[in-house]
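Report on the structure given below.
The values are calculated or read from the model by the stated rules, or taken from the named source; none is laboratory data. For clarity, every value in this text was computed on a predicted model and none was experimentally measured. A quick note on method: Cβ atoms are made from the backbone with ideal geometry, for glycine too, and the neighbour counts reach across all protein chains shown.
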Amino acid sequence: MMWADIFRHLKDHGFEVYPLGKHKGECRSPYLVLRDNGIMRNRSIEAAEYEVLLYYPEDRYSEFAEYIGSVKLVMNLLFPALRLVEDEQPHYLDTEVKAYTTGLIYRNSRISKVNRIMKG
């Protein structure tokens, strides 16, 4: 499971999703930003970590919890390949884009091509 697979999955399920730094302007409708948090290695196992940042218009906070739940349900379709490892972070108001935001962190563990003997 790679960043592009997750991005496509979210798009295919109707979410407005952007790579990090690509959304411009105020939050007028809910959207997601998908961030690649890098890879942690432990011998021949690597764990790629991805963060889904959720943005929701500041004047519709009462709907935010339902939106978060819908993102979790769609992301859960990728289980067991992708696991939620850090549930929603504290909500905060991003005054620059006029949106409430939170994040969900997912991890994908797989056998690494690094730090292992390859048979040739």
- Query: CYS27 passes all but one of (1) touching a strand residue (DSSP E or B) at 6+ places or on another chain (Cβ under 6 Å); (2) at pLDDT below 95; which number fails?
  - Reply: (2)
- Query: From the set of residues in segment 21-57 that are β-branched (Val, Ile, Thr) and over 17 Å from TYR92 (Cα atoms), which is farthest from the chain's Cα centre (by Cα)?
  - Reply: ILE45
- Note on the structure: By residue number, the members of segment 71-100 that are hydrophobic (A, V, I, L, M, F, W, C), within 16 Å of LEU32 (Cβ to Cβ) and surrounded by 12 or more Cβ atoms within 10 Å (Cβ to Cβ) are VAL71, VAL74, MET75, LEU78, LEU82, LEU84, VAL97, ALA99
- Please work out which one of (1) under 18 Å from HIS23 (Cα atoms); (2) at pLDDT below 95 is the condition GLN89 fails and give its number. (1)
- How about segment 2-53: which of its residues are out of contact with any Pro (no Cβ under 9 Å at 6 or more places or on another chain) and of a type in the set (Gly, Ala, Ser)? ALA4, GLY14, GLY21, GLY25, GLY38, SER44, ALA47, ALA48
- Please give the number of the condition ILE68 fails out of (1) modelled with pLDDT of 95 or more; (2) more than 11 Å from the chain's Cα centre (by Cα); (3) farther than 15 Å from ALA99 by Cα; (4) surrounded by 11 or more Cβ atoms within 10 Å (Cβ to Cβ). (3)
- Selection count, segment 27-59, where residues are in contact with a helix residue (DSSP H, G or I) (Cβ under 9 Å, 6 or more places away or on another chain) and over 17 Å from ALA4 (Cβ atoms): 5
- Reported set for segment 1-26 where residues are surrounded by fewer than 18 Cβ atoms within 10 Å (Cβ to Cβ) and β-branched (Val, Ile, Thr) is none
- Message: For segment 27-36, give me each residue that is surrounded by fewer than 13 Cβ atoms within 10 Å (Cβ to Cβ) and more than 19 Å from GLY69 (Cβ to Cβ).
- Response: ARG28
- Task: Go over the candidates TYR92, TYR18 one by one and state the one that is under 12 Å from the mean Cα position of the chain (by Cα) and of a type in the set (Phe, Trp, Tyr).
- Result: TYR18
